[in-house]
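Participant: My structure is below; once you've seen it, I'll send some questions.
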Amino acid sequence: MRRRSFVVRALGIAILGAVVAAPMYAAGFGIFEQGTKATGMAGAFTAQADDPSALFYNAGGLAFVDKQAFSLGGTYIHATKADLKGADPYPGLGYHAEQKKLSAFPPHAYWVRPINNVWKIGVGIETPFGLTTEWQNPAEFAGRFLSTKASLRAFDVNPTIGWQVTPNFGIGVGAIARFSDVELVRYAGAVNPFTQSVVNIGKLDLKANFSEGYGWNIGILHKYNNSFSWGLSYRSKITVDYKGDATLASISTGNPVFDAILATKLPFNTKLPVKTAIDFPDMASLGLAFAVTPNVLVETDANRTGWSAFKQVNIDFTGGPTNSLPDTTIQQQWKDVYNYRLGVRWTTSPSAQWRFGYVYDQTPQVEQSVNPLLPDANRNGYSIGYGYTGGIKADFALMYLPFKERTRNKSFAGEGPFFGTYNTTAWLLGVTLTF
Amino acid sequence: MSRLRILAGALALALLLPLTAFAVDTGSADFTRYVAIGDSITAGFMSGGLSQVAQRNSYPFLIYRQATGKTTGFEQPLVSPPGIPAQLELRSLSPLVIAPKAGLGSPLNLNLARPYDNLAVPGANVHNVVATVTDNGGLHDLILRGQGTALQQAAFLHPTFATVWIGNNDALRAATSGRVIEGVTLTPTASFEADYRTIANTLAAVGAKLAFATIPDVTAIPFVTTISPFITLPSGQQVPLIGPNGLLTANDHVLLTAQAELAVGKGIPAALGGTGQPLSDAAVLDAGEAATITARINAYNAIIRTVANEKNAALVDVNAAFADAAVHGVPVGGLTFTPSFLTGGLFSYDGVHPTAFGYAYLANLFIAAIDDHYNASISPVNLLPFVFGTASASKGLFNPADIGMDDPSTATLTPEAINNLFWSLNVNIPAPKRPGHHHRH
């Protein structure tokens with residue numbers, strides 16, 4: 001048992017390594033692109049769910065699997081723009097800062113097989129959440145006392161069972177084990193008594209270790225007739241409790257006496273035990289698919305994500321009076337949101353399929369919580385995909401994701417200004433191979 | 001006209017546009033002629049001195065700049081560094097030495113042929129504004145230049161807009177001198193109201209739109225709160241200091257000026273190596289005195305609110321903002337400024353007057369209240385340069401090096417520092433030493 005746990009952890013760390021630096025690209029810090037076929041149709045796939053990625057999009061699709069298949073893929077994400085233009089009173093009109101332009105490759109893998117004509121099983125490995133923001137020139141960035149780097153990595157192991165209730169009605173139920181780690185970096189500042197202005201005195205690097213949380217999912221797929229099907233999918237809320245360490249690395253102010261005073265007040269350069277928790281939202285999807293002609297299918301989906309679960313992030317220093325810093329709370333107070341997807345599937349030959357999609361993705365983030373740690377925005381996504389079916393299946397998808405401009409001009413009560421306008425643009429390139 | 005000329009014209013226009021101050025929406029307020037009435041805080045007094053290093057970012061100047069988009073045209077009684085009196089500097093942290101900079105500043109704008117737009121006089125109380133013409137070589141003479149009272153000069157300018165933040169000294173003298181003397185260090189409510197109404201009526205009569213500010217609780221400033229009434233022993237035990245009326249309690253305040261007495265063992269029990277002699281009355285603001293001052297400030301503020309309401313003026317509730325800052329600090333971009341002495345970032349080396357950041361923050365309180373009341377859209381002051389101490393250079397207002405400002409990193413109130421401070425606050429307890437005689441020319 002202990003050995004299996006070790007193997008799971010080792011595997012988990014390896015997968016997390018592959019997910020490094022995923023900029024969030026579904027609203028909030030969700031990642032809805034867990035299969036390239038679906039991505040080609042901008043995620044409008046709940047009423048189709050006809051490849052192994054059904055394990056993520058709609059477990060009901062698993063019920064219709066008639067032969068064993070293994071799918072492996074990933075989505076290459078490349079941010080081409082992520083910057084901030086300041087507003088008064090802080091950091092002020094004329095202020096400009098840029099994030100590092102990050103690239104990432106969150107993977108997905110699925111295995112499905114029928115047991116008999118009625119019961120089917122599968123296991124999915126998905127990366128439905130992830131976030132990285134990292135600001136350039138962190139020691140001078142005006143938001144450095146809020147965040148200079150934030151990284152949240154997560155992947156799900158999702159064993160699922162499918163039940164083909166009738167030849168055209170299927171149900172799937174799965175268990176989700178979510179593995180995640182978090183890193184948050186910011187600077188600490190103080191008023192230098194000699195200059196009466198703010199200087200850096202330390203850099204706080206908080207690392208929450210690889211931790212788990214558990215949940216479940218369910219899906220229904222009903223192929224009403226040859227020209228209409230519908231699907232419903234639900235993935236539950238999952239809370240992951242993390243433990244880890246924070247280190248406050250000292251930065252000299254240039255005055256040895258002031259440095260010495262600070263050193264008596266702050267636990268510099270030592271590991272400070274810390275714990276935190278993140279509430280990942282639940283997600284429900286409804287999809288309707290119409291075959292306009294035998295070769296052209298149109299699907300429309302609506303997803304509801306329960307981001308109101310993401311109220312705040314509490315960072316508790318648990319090292320006692322001598323080995324800790326004051327607890328902090330990062331207010332979030334997000335809202336539940338809907339997003340809308342439209343996908344078209346055009347089968348041009350038995351071996352080739354073109355796909356097109358559009359998604360309007362609404363941000364769950366309230367204006368007051370828009371900050372350098374996570375500047376989210378409404379966005380449009382435009383996708384095109386191509387699928388080839390031969391000895392193996394190969395799917396390709398390209399998505400262009402321009403974010404709407406996001407402006408913050410207000411703060412939560414008791415929090416100070418960090419106002420301005422964020423602009424973000426990303427490209428996604430997906431590839432999935434199915435054997 | 002040839003196409004080329006049109007192009008050249010358009011290009012010239014495009015080049016000129018960024019240089020032209022674009023119009024600010026001031027709503028129903030008009031900043032064509034803006035005048036500020038007040039005391040040391042309105043004058044831009046900082047670290048015990050009046051120096052252009054701070055005056056050039058005084059809160060009235062910042063309001064003017066934000067409301068007009070201009071950096072010239074608002075005239076102030078600028079003084080060259082190190083100021084009159086010389087501004088204090090922090091010489092060392094351990095031992096903690098705060099002392100005046102060497103030398104004395106001189107007035108730079110003394111020959112202005114009209115009254116200053118910033119008519120605030122350090123040390124002035126509400127009665128000084130309506131009655132004082134000269135103070136025999138003090139700061140009134142530097143600013144009023146024998147041309148009448150501050151209020152007369154303000155009316156003479158026919159301001160379209162005026163801010164009035166006066167009354168701090170009506171209570172501050174009692175706090176900083178440690179002595180509540182009705183009618184001497186603490187202004188009676190009735191005379192406060194009469195003088196305050198005179199100011200409001202006079203300015204309203206010349207057509208000025210107005211903004212009034214309330215008075216913060218001066219018993220919460222670092223000058224009053226920094227020194228504990230207890231000595232904490234290594235064991236954690238707290239031993240009270242000896243005040244003029246016996247052992248101090250947690251609600252008594254030891255003033256920043258008590259450092260000189262504590263340094264020679266006064267107020268410290270003999271068992272702890274002190275003289276066992278009590279601190280002087282001037283070094284201690286006891287609980288009863290503090291409560292009297294706070295109650296009086298509340299009475300002043302009730303008058304200010306009433307007058308502001310009667311004149312349909314904007315009200316800047318500095319009292320509420322400071323009360324909040326005293327508890328929660330002033331948060332900005334992940335930092336929190338506090339009223340703590342030396343390291344809080346809101347109060348300068350005299351423990352009474354704001355830092356550059358504090359003044360910018362005050363300007364934003366005024367701007368928010370003016371925006372709200374006059375349906376204006378004046379932008380708040382950009383705090384970034386004030387947070388990181390690059391205010392002067394980054395905005396091109398003035399460069400510290402150009403005016404001979406000392407390197408700030410070369411900075412216990414020395415007795416001389418205390419004298420300067422009291423002199424500028426019009427506190428008559430210790431005799432002023434010398435700064436007076438320089439400003440008459």
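Laboratory data are not the source of any read-out in this text; all were calculated from the coordinates shown. It should be emphasised that the depicted structure is a prediction, and the values quoted were computed from it without experimental measurement. Methodologically, a virtual Cβ is constructed for each residue, glycine included, from the backbone with ideal geometry; neighbour enumeration extends over all protein chains shown.
Participant: How far is the Cα center of region A:178-245 from the Cα center of region A:291-337, in Å?
Facilitator: Between the Cα centre of region A:178-245 and that of region A:291-337, the gap is 7 Å.
Participant: Same structure again: If you put +1 on each Lys and Arg Cβ and -1 on each Asp and Glu Cβ, how big is the dipole of the protein assembly as shown around its Cα centre, in Debye rounded to 20? Spell out each step's value before the answer.
Facilitator: Working: 60 positive and 59 negative charges, 482 e Å.
Magnitude of the dipole: close to 2320 debye.
Participant: Can you give me the relative contact order of chain A as a percent, contacts being Cα pairs under 8 Å and 6 or more apart?
Facilitator: Contact order relative to length: 19 percent.
Participant: Just A:Ser250, A:Ser197, A:Ser383 to compare: in a GNM of chain A, with alpha carbon springs under 10 Å, which one fluctuates most?
Facilitator: A:Ser197
Participant: Could you identify which residue out of A:Thr75, A:Thr160, A:Thr329 has the top mean-square fluctuation in a GNM of chain A using Cα springs shorter than 10 Å?
Facilitator: Looking only at A:Thr75, A:Thr160, A:Thr329, the biggest GNM fluctuation is shown by A:Thr329.
Participant: As an exercise, use a Förster radius of 35 Å and the Cβ-Cβ distance of B:Asp372 and B:Ala291 to find the FRET efficiency, rounded to the nearest 0.05.
Facilitator: It comes to 0.60.
Participant: Cut-off under 16 Å on the C-alpha distance; same-chain residues fewer than 8 positions from A:Lys311 excluded. Which lysines are left, in chain and number order?
Facilitator: In chain and number order, the partners are A:Lys237, A:Lys335.
Participant: Students often forget the sequence filter, so: which lysines lie under 25 Å Cα-Cα from B:Lys311 once same-chain residues fewer than 8 apart are removed?
Facilitator: B:Lys209
Participant: Which Cα, out of A:Thr166, A:Ala309, A:Ser324, lies furthest along the positive dipole direction of region A:2-434 (beta carbon charges, K/R +1, D/E -1)?
Facilitator: Farthest towards the positive pole: A:Thr166.
Participant: Determine the dipole magnitude for region B:119-223: charges of +1 sit on the beta-carbon of Lys and Arg, -1 on that of Asp and Glu, nothing else is charged, the reference point is the Cα centre, and the result goes in debye to the nearest 20. List each step's numbers first, then the result.
Facilitator: Details: 5 positive and 7 negative charges, 38 e Å.
So the dipole magnitude of region B:119-223 works out to roughly 180 debye.
Participant: Might you report the magnitude of the Cβ-based charge dipole of region A:2-434 about its Cα centre, with Lys and Arg at +1 and Asp and Glu at -1, to the nearest 20 debye?
Facilitator: The calculation lands at about 580 debye.
Participant: With just the Cα atoms defining each centre, how far is region A:123-140 from region B:62-123? Give it in Å.
Facilitator: The distance from the Cα centre of region A:123-140 to that of region B:62-123 comes to 49 Å.
Participant: Positive end of the dipole of region A:97-227, charges at C-beta (+1 Lys, Arg; -1 Asp, Glu), about the Cα centre: which of A:Pro193, A:Asn217, A:Thr133 has its Cα farthest in that direction?
Facilitator: A:Asn217
Participant: With springs connecting C-alpha atoms under 10 Å apart, model chain A as a Gaussian network and identify which of A:Phe258, A:Phe145, A:Phe64 has the largest mean-square fluctuation.
Facilitator: A:Phe258
Participant: Starting from 0.36 nm per residue, how many nanometres of slack lie between A:Thr407 and A:Arg304 once their C-alpha separation is accounted for?
Facilitator: Here the answer is 34.7 nm.
Participant: Can you list the lysines whose alpha carbon sits under 23 Å from that of A:Lys203, skipping same-chain ones fewer than 8 residues off?
Facilitator: Partners within reach: A:Lys100, A:Lys101, A:Lys149, A:Lys243, A:Lys265, A:Lys271, A:Lys275.
Participant: Just the C-alpha atoms of region A:191-339: what Rg/Rh do they give, with Rh taken as the Kirkwood radius?
Facilitator: In region A:191-339, Rg relative to Rh is 1.27.
Participant: Under the rule of -39500 (n - 2.57) per DSSP H run of 4 or more residues, summed and divided by the residues of the protein assembly as shown, what mean residue ellipticity at 222 nm is obtained, to the nearest 500 deg cm²/dmol?
Facilitator: -6500 deg cm²/dmol
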